[in-house]
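As structure tokens, the structure follows; a few thoughts come after it.
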Amino acid sequence: MTDLNTLESDVLAQVAGATDLQALDAVRVAAVGKTGSISGLLKTLGAMSPEERKTQGAAINALRDKVANAIAEKKAGLEAAELDARLASETLDLSLPAPYRRKGSVHPTMQTMDEMIAIFAEMGFAVAEGPDIEDDFHNFTALNFPPKHPAREMHDTFFFNTKENGERMLLRTHTSPVQVRTMVSQKPPIRIIAPGRTYRVDNDATHTPVFHQVEGLVIDKGIHMGHLKWTLETFLARFFETDAVTTQFRPHHFPFTEPSAEMDVQCDRSGGEIKIGQGTSWLEILGCGMVHPNVLRACGIDPDEYQGFAFGMGVDRLGMLKYGMPDLRDMWSSDVRWLAHYGFSAFAAPNPASGLS
Ligand code: DAH
């Protein structure tokens, strides 16, 4: 018994004397750890007579509990003291200036897209969407591209591997498949734009493999090319926030429109920057035309009853023109200096009431 009493007062003194959590843990291990002094006593019980074991066992267990409680109490006290010390020493001066951090900004392509959507929304167009991964039917066949026709090759398509059923998916080469998806699923009158990403095997100063288009489609009774011209000119004047946009329609061929045209915007390319409303250069910005009767038929619309116009424009191109960016590839360079210069505030979403840009 005296041994136990001595051990108890020793261990409790050590617990009381521990000045930090680490020291307290060392005391704990030495007393009640696997090979600790009290745990060692418990192992001696096996060699005792049943009588002795009864009294000694109870005494050793009581000692172990007492020590464990003392350790827990001391631990709580040390932890509280440690927190108090931290709270007293760690202070934060909220009046100090914040460190400089580079601010995020809206990419010019997305800004341009938002501006286009805002203008067309005000003109009564709804936004339609379609998948980036398309099938041959929506990207080509329903748009009146004849099988094996060279126009298919013109699009320099990214194809996926052929599936077991012979089908070959592709990355859409234009947003025109959304026309098809819309006409198949909605009844005329239809007035939509379809903004989105498009893909072609192409890479130079005015072409990137991924680019953005906004498709437009209007289907109703009595629609003619005058409606198309007015819509595009009104859009361009609003978009460039000036009346001095000079455009030209050039006759063109698209399988899905008849007649078809491309529209160019007059610009000045001297001096490394593109300026619109002046100069002697033209930049092609869109394709358009009257929806081909075969396309209407492929989508279940009677061409004798309904007509329509469609257009597809390059978002990145329009952004380059409006914001004077000379090389399309910079859009993808992820250069933070370029983004800081050309980017837009996320808090200034374009809308017709407060302004576009
Ligand atoms: N899909 C054409 C292209 O990417 C652009 C285009 C031309 C879209 C005429 C149209 C259109 O809707 O009518 O080159």
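Summary of values
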read-out	value
Residue with peak Gaussian network fluctuation, the chain [Cα springs, cutoff 10 Å], from Met123, Met48, Met325	Met48
Square roots of 5 times each gyration tensor eigenvalue, C-alpha, the chain, largest first, Å	79, 29, 18
Neighbour net charge for Glu73 - beta-carbon separation under 13 angstrom, K R +1, D E -1	+2
Rounded, prolate or oblate (a/c below 1.5 giving rounded, otherwise prolate when a/b exceeds b/c) for region 103-255 by Cα gyration tensor	prolate
Region 234-263 and region 66-88: distance between their alpha carbon centers, rounded to Å	78 Å
Rounded accessible area of His212 (nearest 10 Å², 1.4 Å probe)	10 Å²
MRE, 222 nm, helices only [DSSP H, n ≥ 4, -39500 (n - 2.57), over the chain, to nearest 500]	-12500 deg cm²/dmol
Local net charge near Ser37, Cβ-Cβ under 14 Å (Lys/Arg +1, Asp/Glu -1)	+2
Residue of Ile60, Ile192, Ile219 that the Gaussian network model of the chain assigns the largest fluctuation, springs spanning Cα pairs under 10 Å	Ile60
Pairwise FRET efficiency - Ala346 versus Lys229, Cβ, R0 = 30 Å, nearest 0.05	0.25
Reachable aspartates and glutamates, given that their alpha-carbon falls under 19 Å from the alpha-carbon of Lys74 and they are not under 8 places away in the same chain	Glu8, Asp10, Asp20, Asp25, Asp65, Glu82, Asp84
Inter-site label distance for Glu241 and Asn294 at 7 Å from Cα along Cβ, in nm	4.4 nm
Whole-percent carbon and sulfur share, accessible surface of the chain, 1.4 Å	55 percent
For Thr280, solvent-accessible area (1.4 Å; no DNA, RNA or ligand), Å²	130 Å²
Efficiency of FRET between Ala68 and Thr91 - r from beta-carbon atoms, R0 35 angstrom, step 0.05	0.40
Solvent-accessible area per residue, Å², over region 1-75 with all protein chains present [probe radius 1.4 Å]	63 Å²
Three semi-axes of the equivalent ellipsoid, region 220-357, Cα gyration tensor, whole Å, largest first	32, 17, 15
Cα centre as origin, Lys/Arg/Asp/Glu Cβ charges: the chain dipole, Debye	440 debye
Among 15-22, 26-33, 66-73, the order from most to least packed when residues are scored by Cβ within 10 Å on average	26-33, 66-73, 15-22
Dipole of region 45-149, positive end: most advanced residue of Phe120, Asn61, Phe140 [Cβ charges, Cα centre]	Asn61
Rotationally averaged projected area of region 4-89 (alpha carbon convex hull; nm²)	5.6 nm²
Estimated inter-spin distance, Leu83 and Phe249, nm [label 7 Å along Cα→Cβ]	7.7 nm
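The values are calculated or read from the model by the stated rules, or taken from the named source; none is laboratory data. Note that the structure is predicted; figures quoted are calculated from it, not measured. Here Cβ is always computed from backbone atoms with ideal geometry, including for glycine, and neighbour counts include all displayed protein chains. SASA here: full protein model, heavy atoms, side chains in, ligands and nucleic acids out. Shrake-Rupley method; radii C 1.70, N 1.55, O 1.52, S 1.80 Å.
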